[in-house]
């Protein structure tokens, strides 16, 4: 609250403002002044006149709520744009319907080009999809159907020839279904040959528009990979095109290079490396690494994609190069292995405030939570994965879904947000788009209205995950995350207040405006 000697370029007045600087606030009637892309002042109505000059634009946001722009800490950005632009089957569970979509995609694809279909939940299909069915659609063109969670794919014969993997590659299915390393290598080679640079750039701008529509002003973009380290599931070219387009995007992006190639990240000038560099896989493919066997497959504990020596070596190289590290670990065995690698690197080369990340952190033990806190590890988590649809499962119910994979007791351990925050860990909220839609309000509702206390946060705590914590986990808290004088004017204006609205309606709140550096990049109805 201060008198300004310079007038604002833009003033938002009449609304309820959540500055995200006071945990006890539910919003105040304030005006926000913006000058040269930064917050000039946040003032009570009697002081507004000091910000207004002859050229000041005034936007009346009466009845609306003004917040710092949302930050999504985990988006496969190019993939999200490609999935929206191209052929996809999100939400499709009937194999017959899926085959019709694939056939339509094949007919719409230029002769000689590969056919790529996104967004299929392979484990959720009513019948298994195989190579022979794709060959029946078109055996002359390469067809790849990619699993929505990125941990599997199905190829026809021509696509199998195009990716040309050795028969000994782990996860190589004779029926065209690839998982584990076969999925990683097949995806890399197929995307490298099918996706043009022009399409990559178009996908980035489409994804930026999609983010702005849901109030996101900054995305942590998990991009590309490197086949040379055997772990890249997307081409390095994705990062190169993103770096070229980054300043032209309508929102801000923070690029994470999904590779263990430390020198390449250093060459690009990136202060970080990783993202979804997989320490393990996912539950649907039984590749998430568990300490004890899967409940529905007593012969299987999933897959650790690194040996201890490989993971320790990468963590030490990246850490000593001064990079922030981020890696995907879902199961408790993968979380254990990654925490041990971080601990070893920090013991050998102590570095305060490193903010090395674990993505997902889905099934930690209590010991993992406290070890992560002691090491100063930060967490990029996705509250939409903790959602429960319908009635809560009971121990005596027939096991379905995640309970069938994990068993009831392990299922109860998933995503314990309350315990994680109480332990003092830095947690940022993300969507994991493309598998899930971008939408911080979806995540907020999942956290605030969750039927299980272990996964429920207060409205203010939940908002922090998508504002200040999202800034902090990328070392950007000096510039973003709160509405305070001098910070960037990245702002979202909502039609209602998530602090006071009935929790089960939060995801329905319309986004009215999204501003990046004080410039409107989205307005509802336009």
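Computed over the stretch 80-194, relative contact order equals 21 percent, with contacts defined as Cα pairs under 8 Å that lie 6+ residues apart. Rg of the Cα atoms in the stretch 422-510, relative to 2.2 N^0.38 Å, amounts to 1.11. Multiplying the residue separation of residue 375 and residue 340 by 0.36 nm and removing their Cα-Cα distance gives an extension gain of 11.6 nm. By the beta-carbon count within 10 Å of each Cβ, the least crowded to most crowded order of 500, 389, 109, 217, fewest first, is 389, 500, 109, 217. How far is helix 95-108 tilted off the main Cα axis of the chain, in degrees rounded to 10, range 0 to 90? Compared with the principal axis, the helix lies near 80 degrees. Annotation: extensible slack from residue 60 through residue 139 equals 22.5 nm (criterion: 0.36 nm per residue apart, minus Cα-Cα distance). Remark: 187, 248 ranked as 248, 187, counting other beta-carbon atoms within 10 Å and listing the fewest first. Using the alpha carbons alone, the radius of gyration of the stretch 80-194 stands to its Kirkwood radius in an Rg to Rh ratio of 0.92. Note: relative contact order over the stretch 310-414, using C-alpha pairs below 8 Å and six or more positions apart, is 25 percent.
Each residue, residue 485 and residue 108, gets one label point 7 Å from its Cα in the Cβ direction; the gap between the two is 5.3 nm.
Rounded to whole Å and ordered largest first, report the semi-axes of the equivalent ellipsoid of the stretch 391-459 derived from its Cα gyration tensor (root of 5λ).
Rounded to whole Å, the semi-axes are 23, 16, 12.
Spacing of the modelled spin labels on residue 478 and residue 244, each 7 Å from Cα toward Cβ, amounts to 3.2 nm. Ranking of 323, 204 by neighbouring Cβ atoms within 10 Å, starting from the fewest: 323, 204. Globularity index of the chain is 0.98 (Cα radius of gyration / 2.2 N^0.38 Å, N = number of residues). A straight chain from residue 367 to residue 395 at 0.36 nm per residue would run longer than the Cα-Cα distance by 7.6 nm.
Place a point 7 Å from the Cα of residue 95 along the Cα-to-Cβ direction; which residues of the stretch 399-429 have their backbone N under 14 Å from it? What the label zone holds, given the 14 Å backbone N cut-off, is no residue at all.
Based on DSSP H segments of at least four residues, each scored -39500 (n - 2.57), the chain has a per-residue ellipticity at 222 nm of -9000 deg cm²/dmol.
Read the figures in this text as sums done on the coordinates, not as results from a lab. These figures come from a predicted structure and were not determined experimentally. Cβ coordinates were reconstructed from backbone atoms using ideal geometry, including for glycine residues, and neighbour counts include every protein chain displayed.
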